[in-house]
Amino acid sequence: MPSEQADVLSQVLKLIRLRGDRVFHGELGSATEVLFPPGPATFLHLRTGELSVSQRNGLPVLVRSGDFILLPHADGHTIRSEPGRSTPQRFELPVDAIPSGNVQRFRWGGEDDIAGSFLAGSFHFDGAPLRSLLTGLPGLIHLTCDKVSDPPWLASISRFLEVESQTGGPGSSLMISRLIDLLVVRTLRMWVTRQGDRIGWLSGLSDERIGRALTAMHLEPERAWTVSALAETAMMSRSMFSDRFTAVVGLSPLRYLTRWRLTLAADLLRGGNVKVTEVAHGAGYGSEAAFSRAFKQEFGYSPSDAHRVAQTDVFVARSSEHR
């Protein structure tokens, strides 16, 4: 991914404000499944064996040793050994009920045999105005990591995370949170470079020409962009650019620009130190009333309520548009 586009990803992730939470180690015996009800977003790094992971009402995904799974929408999922066979032993574990701090260890089914072992954990996306930024994420991101494509950072960060969780010490909670953040960010970056058939701004970053236009909008959101100017940036004709952008991102260029401006405005308002009028003009609106209408339509609450919402809400990434 070109550095400019990677910077756009960093810019958006700063707004998302990842917050790593807890870590646990799990082992599944044969003919066993564990249900994780809806809760926080989660990740799983399979250390040994083969297991299947499925979202709620979703098809199972076969996960092999070394693979990494990210489940950002927090809808709940199931981990199962020996997919396709009957599963007489069923367990349930709400991730929110796992104590934070030192790594917790769980063993489900099978006294002697282990079908698979994994390191897993949870994280949150802080802040309410970020729904529009997260709709491009699938419910399950699967990084296949065989001997040929195994990224060296994955095993290193995962191992460091487990060691830090086991040993504890001053600053351990912060270290665990930051390591989880790093795992999530690196996973998203690798996923962007590997996938090509998704819709959303993340997919746009992997498209060289559309990525140029996205970069321009993100770096200069206050500029009076036109479709023609963005097409010129992308080095495409106006009509081809407009059609391609909409097909890849899922929104028209100017609709996406409006959404990005409103997201930046919401982030400013979350702090409670900026007047709505100032933010409205900075977002390109001629009146506070017009800005307030667009803001409420986008986020479901008024600009004057943004600070209160930020103080009381932790937004767990969800999407109804891409299920």
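The values are calculated or read from the model by the stated rules, or taken from the named source; none is laboratory data. This is a predicted model, so every value here is computed, not measured. Here the Cβ positions follow ideal geometry from the backbone for every residue, glycine too, while neighbour counts run over all protein chains shown.
Quick one: would you say Gly300 is more than 22 Å from the chain's Cα centre (by Cα) and modelled with pLDDT under 85? So Gly300 does not fit the description; no. One residue stands out in the stretch 74-111 among those that are of a type in the set (Ser, Thr, Tyr), assigned to a loop (DSSP other than H, G, I, E, B) and closer than 17 Å to Leu51 by Cα: the one that is modelled with the highest pLDDT, namely Ser81.
Among the residues of the stretch 235-250, which ones are touching a residue at least 12 places away in the same chain (Cβ under 8 Å) and closer than 23 Å to Ala283 by Cα? Selection gives Ser242, Phe245, Val249, Gly250. Of the residues making up the stretch 225-250, those that are outside any helix (DSSP H, G or I) and closer than 12 Å to Leu214 by Cα are Trp225, Ala234.
Going by the conditions given, is Gly282 modelled with pLDDT under 85, out of contact with any Leu (no Cβ under 9 Å at 6 or more places or on another chain) and not assigned by TED's automatic domain parsing to the domain that holds Leu70? It is false that Gly282 is modelled with pLDDT under 85, out of contact with any Leu (no Cβ under 9 Å at 6 or more places or on another chain) and not assigned by TED's automatic domain parsing to the domain that holds Leu70. Within the stretch 271-311, being surrounded by 21 or more Cβ atoms within 10 Å (Cβ to Cβ) and not β-branched (Val, Ile, Thr) holds for Ala280, Ala283, Tyr285, Phe291, Phe295, Phe299, Pro303, Ala306.
Here Leu51 does not qualify as touching a residue at least 12 places away in the same chain (Cβ under 8 Å), out of contact with any Gly (no Cβ under 9 Å at 6 or more places or on another chain) and aliphatic (A, V, I, L, M). Here Gly127 fulfils each of the conditions (1) surrounded by 17 or more Cβ atoms within 10 Å (Cβ to Cβ); (2) modelled with pLDDT of 75 or more apart from (2).
Taken together, the criteria place Val227 among residues that are among the aliphatic types (A, V, I, L, M) and at pLDDT 85 or above.
Looking only at the stretch 56-73, residues that are in a loop (DSSP other than H, G, I, E, B) and surrounded by fewer than 22 Cβ atoms within 10 Å (Cβ to Cβ) come to 7 in all. Looking at Leu51, is it in contact with an Asp or Glu (Cβ under 8 Å, 6 or more places away or on another chain) and either among the aromatic types (Phe, Trp, Tyr) or under 24 Å from Asp112 (Cβ atoms) (or both)? For Leu51, the condition - in contact with an Asp or Glu (Cβ under 8 Å, 6 or more places away or on another chain) and either among the aromatic types (Phe, Trp, Tyr) or under 24 Å from Asp112 (Cβ atoms) (or both) - is not met.
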